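Nothing in this text is a laboratory measurement; each read-out follows from the coordinates by a stated rule. Note that this is a predicted model, so its numbers are computed, not measured. Here the Cβ is made from the backbone with ideal geometry for all residues, glycine too, and neighbour counts use every protein chain on show.
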Amino acid sequence: MPTLRVDGVRVTVPAGATVLAAARAAGAEIPTLCHHEGLEPWGGCRLCLVEISKPGWTGEGKIVTSCNYPAEDGLVVRTSGERVVATRRVVVDLLLARCPGTPLVQRLAREHGIEEASYEVNPEPTDCVLCGLCTRACDRMGVSAIASVSRGASRAIAPPFNQPPPDCIGCLACAEVCPTGHIAWSEADGRRTIWGRVFEMQRCEGCGRPHLTAAQAGWARARGAAEQDLRLCDACKREQLARTLRAVSRGETVAAQAAAS
Amino acid sequence: MTLACPELTRLEPILARYPAREESLIQVLQDVQRAYRYLPCHVLEQVAARLHVPLARVFSVATFYKAFALTPQGETTIQVCTGTACHIRGAERLIDELRDRLGAGPGETTADRRFTIRTVNCVGACAMAPVLIVGDRYRGNAKPAAIGDYLSEGGGGHAH
């Protein structure tokens, strides 16, 4: 269990923890865009920069991304020193030039004292901050329907050939994790549209609301999901669980409750 | 996807050379680029399926590297160096001359698919500026008036 010092606060974290986790445990506020508890650290957005040094190091500390730097025993971390703030400011400034109209980026800019971007503003403003959360979530789902395309200034997140993605199952994981709401989707008349593809929805057997796409159900079935797990929407599943618990607490048997419902 | 597409026959020997896994992707794409002079969509779909790589990742790699093209390239690539020395010594006039003769500019391919024209930032032969490369053949002190000769003498291969 490494013990480190974050902005003067001693903090002990489990082995394998990151500097970001340690810093947050110590109460430091570090902005992040590409970080997600459910996904591997990525180090893509460069907002979580901190300055580290170790006893015995001479000279200036090192600026590192805290989200993927392992917390080591004896590490001294500064999360808000002048150098860290100045470096992070450049990152925010560049983001603002790329996404001048994005509320989340505007808020970050305000928090960093930036009124307008000091770089040439993107002639084609976008809400995509290229945090890679969507593609990583899609990979994590095991679908990999979208990916980073091209490079440099023209880099973007897109399906293959910029066509409706054949591998997509319409699960909305990408839209769910997108921090800026850039990934558009819509749902109407039992159909869901995302990435230019239209998916037929399957209705919840409890409340009748469309709750997952047929493609999603097929995908889950092919991976061994039980049919009963696909029948009900999350709300109905919770309700069913609540009913079961209530029955149990009254001393009724679960089987009797199931027979009654 | 293997239906009426004789073009796919060229893919088989390429796939046979490498183990069917993700690590082979770039080598396979390089060979496809050489064989077809670009990466056709249906070939990429087949590559994805056979190497067990998501199509989105194949497209991602195909669009990342400059060595790959998604549109058909000419038989011979003409590269015009536009590095500082070549720029000073008239690279722009070479480009103008090529455009006049072939009707295609940088990044474009002639209608007959014989030539693709590209600019490069520096080929490290500044003493010979301006430099024009036809296929694999380097032409130093290139002159707009001699471009007809360069083209007719050919490049003796492909530049990739």
I need the shape label for the stretch A:1-86. Rule: rounded when a/c is under 1.5, else prolate if a/b > b/c, else oblate, with a, b, c from the alpha carbon gyration tensor. oblate
Apply the Karplus curve 6.51 cos²θ - 1.76 cosθ + 1.60, θ = phi - 60°, to the phi angles in the stretch A:229-240 and return the couplings in whole Hz, x for Gly and Pro. 6, 9, 6, 10, 7, 4, 4, 5, 5, 5, 5, 5
Peptide A:131-139: average number of partner chain Cβ atoms within 10 Å per residue? 1
Could you give the angle, 0 to 90 degrees to the nearest 10, between helix B:25-36's Cα long axis and the longest principal axis of the Cα atoms of chain B? 60
Take the alpha carbon atoms of the stretch A:131-175, find their center, do the same for the stretch B:39-53, and report the distance between the two centers in whole angstrom. 17
Using all C-alpha to C-alpha distances in the stretch B:6-64, build P(r) with 5 Å bins and read off the rounded percent in each one. 4, 21, 39, 26, 10, 0
Calculate, for A:D7 and A:S150, the FRET efficiency according to 1/(1 + (r/R0)^6) with r their C-beta to C-beta distance and R0 35 Å; round to the nearest 0.05. 0.30
List the residues, sorted by chain then number, that are 5 or more residues from A:T213 or on another chain and whose placed amide H is less than 5 Å from its amide H. A:Q202
Treating only the Cβ of Lys, Arg, Asp and Glu as charged (+1, +1, -1, -1), what charge dipole size does the protein assembly as shown show about its Cα centre? Round to the nearest 20 debye. 440
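Rounded, prolate or oblate: which fits the protein assembly as shown when a ≥ b ≥ c are the square roots of the eigenvalues of the alpha-carbon gyration tensor, with rounded for a/c under 1.5 and prolate only if a/b beats b/c?
Here the protein assembly as shown falls in the oblate category.
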What range in chain B is the longest one free of trypsin sites (Lys or Arg not before Pro) that are in a loop by DSSP and have at most 11 other Cβ atoms within 10 angstrom? B:67-160
Which whole-Hz couplings ³J(HN,Hα) result when phi for each residue of the stretch B:133-138 is put into the Karplus expression 6.51 cos²θ - 1.76 cosθ + 1.60, θ = phi - 60°, listed in order with x for Gly and Pro? 10, 9, x, 9, 9, 8
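Past the 27 angstrom mark, what percentage of all C-alpha to C-alpha distances in the stretch B:1-136 do you count?
34
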Pick from A:L94, A:L133, A:L241: which is most flexible by mean-square fluctuation in a GNM of chain A where alpha carbon atoms under 10 Å apart are linked? A:L241
Residue-ordered couplings for the stretch A:117-133, obtained by feeding phi - 60° into the Karplus form 6.51 cos²θ - 1.76 cosθ + 1.60 and rounding to whole Hz (Gly and Pro as x), are 4, 8, 10, 4, 6, 3, x, 10, x, 9, 9, 7, 8, 6, 6, x, 5
Could you pull out every residue, at least 5 positions away or on a different chain, whose amide H is within less than 5 Å of the one on B:T119? Hs are placed 1.01 Å off N in the peptide plane, and Pro or chain starts have none. B:V80, B:G107
